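Asker: Can you read through this structure? Questions will come right after.
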Amino acid sequence: MAETLRDIVDAVARGVFPPADGRTTVLPQPSHRAAGVLAFTAHSVVFTDEDPAWVYDTLRGVGCDALAAPMNPRFLAALMERTGRAAETVDAVFVGSPLPGAPPLALKEIEDAGHSRIVYARRRRDEVRAWAVEGGVLVMGRGVAGRLEVSVEVDEDVRHRGLGRLLVTAARHLVTEPLWAQVAPGNARSVRTFQAAGYRPVGAELLLHAR
């Protein structure tokens, strides 16, 4: 059976990465919701329904080191133009393993489907659930290739007190499978938060969403 993006995602969560051979793998996108690029150590994965021959030809024409080409702005701009999709930023990607026991916070699940964080998350994810504590919100849902993804929001007036770290740690207590997070590399505060909570950096990612 041919390898799928979900196969790669599941393997990476176990610590098994694509071969560091300098190549790029092109796979069909797992759903209409998102196409994109995942970059690992010396191996990238482009997932799109576009012709793989076009992807490889465009990568060769970028004019930079082959290892860097899949995340080069010229290739990403060409991919957006070709697909008619929009992108936001290249994210660092982290994975956290499930933790036993109860979360370190008293979380209250948000039942209101119209809550702003749930509405926003449903644009990008399926099976969205959210929990609240005083000063913060924790959101989880299924994103790229059906992987379980987490995001948090902490109120400005309670930041720098460790609430973000407690929230992303609590998320690991709520799951029975690997939990993924996408963090803008420039957001050093969030990068430190996820690392402090035991999430492992595994690669970089750019998602292309339907306009």
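The values are calculated or read from the model by the stated rules, or taken from the named source; none is laboratory data. This one's a predicted model, so the numbers in the text were calculated from it and none came from an experiment. Methodologically, a virtual Cβ is constructed for each residue, glycine included, from the backbone with ideal geometry; neighbour enumeration extends over all protein chains shown. For accessibility, only protein heavy atoms count, side chains too; no ligands or nucleic acids. Shrake-Rupley method; radii C 1.70, N 1.55, O 1.52, S 1.80 Å.
Asker: Among Ala35, Ala69, Ala11, which is open to solvent by less than 30 Å² (accessible area, probe 1.4 Å) and touching a Gly at 6+ places or on another chain (Cβ under 9 Å)? Before you say what the answer is, go through the steps one by one.
Answerer: On the way: Ala35 fails: touching a Gly at 6+ places or on another chain (Cβ under 9 Å); Ala11 fails: touching a Gly at 6+ places or on another chain (Cβ under 9 Å).
Checking each option against the conditions leaves just Ala69.
Asker: Can you tell me which residue in the range 134-152 is nearest to Ala171 (Cα to Cα), limited to those that are surrounded by fewer than 18 Cβ atoms within 10 Å (Cβ to Cβ) and either without any contact (Cβ under 8 Å) to a residue 40 or more places away in the chain or of a type in the set (A, V, I, L, M, F, W, C) (or both)? Talk me through it step by step, then tell me what you get.
Answerer: Kept after step one, since they are surrounded by fewer than 18 Cβ atoms within 10 Å (Cβ to Cβ), are these residues of the range 134-152: 134-135, 142, 146.
Okay, now just the ones that are also either without any contact (Cβ under 8 Å) to a residue 40 or more places away in the chain or of a type in the set (A, V, I, L, M, F, W, C) (or both), so 134-135, 142.
Details: Glu134: 16, Gly135: 16, Arg142: 14 Å.
My answer is Arg142.
Asker: What's the total number of residues in the range 128-186 that are over 21 Å from Arg33 (Cα atoms) and in a helix (DSSP H, G or I)?
Answerer: Selection size over the range 128-186: 14.
Asker: Across the range 153-183, what is the total count of residues that are in contact with an Asp or Glu (Cβ under 9 Å, 6 or more places away or on another chain), open to solvent by less than 40 Å² (accessible area, probe 1.4 Å) and within 30 Å of Thr48 (Cβ to Cβ)?
Answerer: Qualifying residue count, the range 153-183: 4.
Asker: Among the listed residues Ala68, Ala34, identify the single one that is touching a helix residue (DSSP H, G or I) at 6+ places or on another chain (Cβ under 7 Å) and of a type in the set (A, V, I, L, M, F, W, C). Write out each step before concluding.
Answerer: Details: Ala68 fails: touching a helix residue (DSSP H, G or I) at 6+ places or on another chain (Cβ under 7 Å).
Just a single option satisfies the conditions, and that option is Ala34.
Asker: While we're looking at this one, here's another question. Kindly indicate which of Tyr120, Tyr56 is farther than 23 Å from Thr169 by Cα, among the aromatic types (Phe, Trp, Tyr), surrounded by fewer than 16 Cβ atoms within 10 Å (Cβ to Cβ) and in contact with a strand residue (DSSP E or B) (Cβ under 9 Å, 6 or more places away or on another chain).
Answerer: Values: Tyr120 fails: farther than 23 Å from Thr169 by Cα.
None of the others qualify; the one that does is Tyr56.
Asker: Which residue, of Val55, Val37, Val46, is touching a Leu at 6+ places or on another chain (Cβ under 6 Å) and either within 24 Å of Asp10 (Cβ to Cβ) or of a type in the set (Ser, Thr, Tyr) (or both)? Don't jump to the end; show me each part of the working.
Answerer: Working: Val55 fails: touching a Leu at 6+ places or on another chain (Cβ under 6 Å); Val46 fails: touching a Leu at 6+ places or on another chain (Cβ under 6 Å).
That would be Val37, the only listed residue that is touching a Leu at 6+ places or on another chain (Cβ under 6 Å) and either within 24 Å of Asp10 (Cβ to Cβ) or of a type in the set (Ser, Thr, Tyr) (or both).
Asker: For Ala113, are the conditions met, namely being over 30 Å from Arg14 (Cα atoms), in a helix (DSSP H, G or I) and either charged (D, E, K, R) or over 19 Å from the mean Cα position of the chain (by Cα) (or both)? I'd like the intermediate steps shown before the answer.
Answerer: Numbers: over 30 Å from Arg14 (Cα atoms): yes; in a helix (DSSP H, G or I): no; either charged (D, E, K, R) or over 19 Å from the mean Cα position of the chain (by Cα) (or both): yes.
The answer is no for Ala113.
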